[in-house]
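Here is the structure we will look at, set down as structure tokens.
What follows is calculated from the coordinates using simple rules that are stated; it is not laboratory data. The model shown is predicted, which means the values in this text are computed figures rather than measured ones. Don't worry about glycine lacking a Cβ; one is built from the backbone with ideal geometry, like all the others, and counts go over all protein chains shown.
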Amino acid sequence: MSPELAISEYCERIDGSFWAEPANAVSNIAFLATAVGVWWLLPRGAPRDFPALLLIGLTVCTAIGSFLFHTMPSATTAIFDVLPIGLLIYASFFIALMRFLKQSLLAAIWLTAGFLVFSIAISFGLRNVLGTSAGYVPALVALYGVGIVALPRNRRIGEGMIMTALMFTLSLVLRTMDGPVCGWFPIGTHFMWHVLNAVVIYMLLRLIVHARQPKRQEY
């Protein structure tokens, strides 16, 4: 097995060619659509929402990094694949703490640092059970956790976060199923992970954008 195939374990790839994973590669367009959609939500004429712009930028980087990995799998492109989504998770968590739960800057920093430690522990602890999907379990826990805590403070945000968590649950299940279904569904399910993840990011960033506008009624 070539080094490229040893790194890429997705069902769709059966050789080392550039377009060996067409569905996994092309489905990253969904992340770009999410970035454009969230950018369109930003109010015109108001002060720039730099945290939201940062998250939009990380979403674009997620699309690019994932495309590179699914077309040219290697140790280098694997970093480009996981780094943007990791930064997006921790940045979103930090911003959600401040906007949804009204935490101070210092408290948000400490809680995010704690979340990082928790993520590392969970990722290693569940790797033998869930494989590489284990690294996303902490994000799922964070979505449900923030949603439950936010619910009595702001029902709209709490319910929105829980709905986002439910969507991410389905997304993570599809990611985990990619290998097991390979025998009868050669294209795999990883491309569905991309598409649903893009929906999850849109749902989350939409809440973050609107949380800056307390008088806005629609989410």
Original post:
Put +1 on the Cβ of each Lys and Arg and -1 on the Cβ of each Asp and Glu in the chain; which of MET192, PHE18, LEU207 then has its Cα farthest toward the positive end of the dipole?
Top reply: LEU207
Original post:
Can you put CYS11, CYS61, CYS182 in order, fewest other beta carbons within 10 Å first?
Top reply: CYS182, CYS61, CYS11
Original post:
Over segment 19-211, how many percent of alpha carbon pairs lie in each 10 Å bin up to the one with the longest distance?
Top reply: 9, 35, 38, 15, 3, 0
**OP:** Kindly point out, ordered by number, any Cys in the chain whose beta-carbon has no other cysteine beta-carbon under 4.7 Å away.
**Re:** CYS61
Original post:
segment 1-88: percent of C-alpha pairs farther apart than 16 Å?
Top reply: 56 percent
Subject >> Average Cα contact separation per residue, segment 19-211, under 8 Å, 6 or more apart, as relative contact order % >> reply: 25 percent
Original post:
If you line up the long axis of helix 75-99 against the longest principal axis of the chain, both from Cα atoms, how many degrees apart are they, to the nearest 10?
Top reply: 20 degrees
Original post:
Sorting ARG175, ARG48 on the 10 Å Cβ count, fewest up front, what's the list?
Top reply: ARG48, ARG175
**OP:** Return one number: the angle in degrees, 0 to 90 and rounded to the nearest 10, between the long axis of the Cα atoms of helix 50-71 and the longest principal axis of the Cα atoms of the chain.
**Re:** 10 degrees
**OP:** Can you figure out the FRET efficiency of LEU54 with VAL173, using R₀ = 30 Å and their beta-carbon distance, to the nearest 0.05?
**Re:** 0.55
Original post:
Based on the Cβ-Cβ distance of THR76 and ARG155, what FRET efficiency does E = 1/(1 + (r/R0)^6) give at R0 = 41 Å, to the nearest 0.05?
Top reply: 0.35
Original post:
How would you rank LEU143, LEU174, LEU54, going from fewest to most other Cβ atoms within 10 Å of each one's own Cβ?
Top reply: LEU54, LEU174, LEU143
Subject >> Per-residue [θ]222 nm for the chain (sum of -39500 (n - 2.57) over DSSP H runs n ≥ 4, rounded to 500) >> reply: -23500 deg cm²/dmol
Original post:
In debye, nearest 20: dipole of the chain around its Cα centre with unit charges on the Cβ of K, R (+) and D, E (-)?
Top reply: 1240 debye
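Can you tell me the length gained on complete extension of the stretch ILE14 to LEU111, counting 0.36 nm per residue apart and subtracting the Cα distance?
Contour length minus the Cα-Cα distance gives 30.7 nm.
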Original post:
Roughly speaking, what is the centre-to-centre gap between segment 180-213 and segment 101-168 when only Cα atoms are used, to the nearest Å?
Top reply: 16 Å
Subject >> Principal-axis tilt of helix 29-41 within the chain, Cα atoms, nearest 10 degrees >> reply: 10 degrees
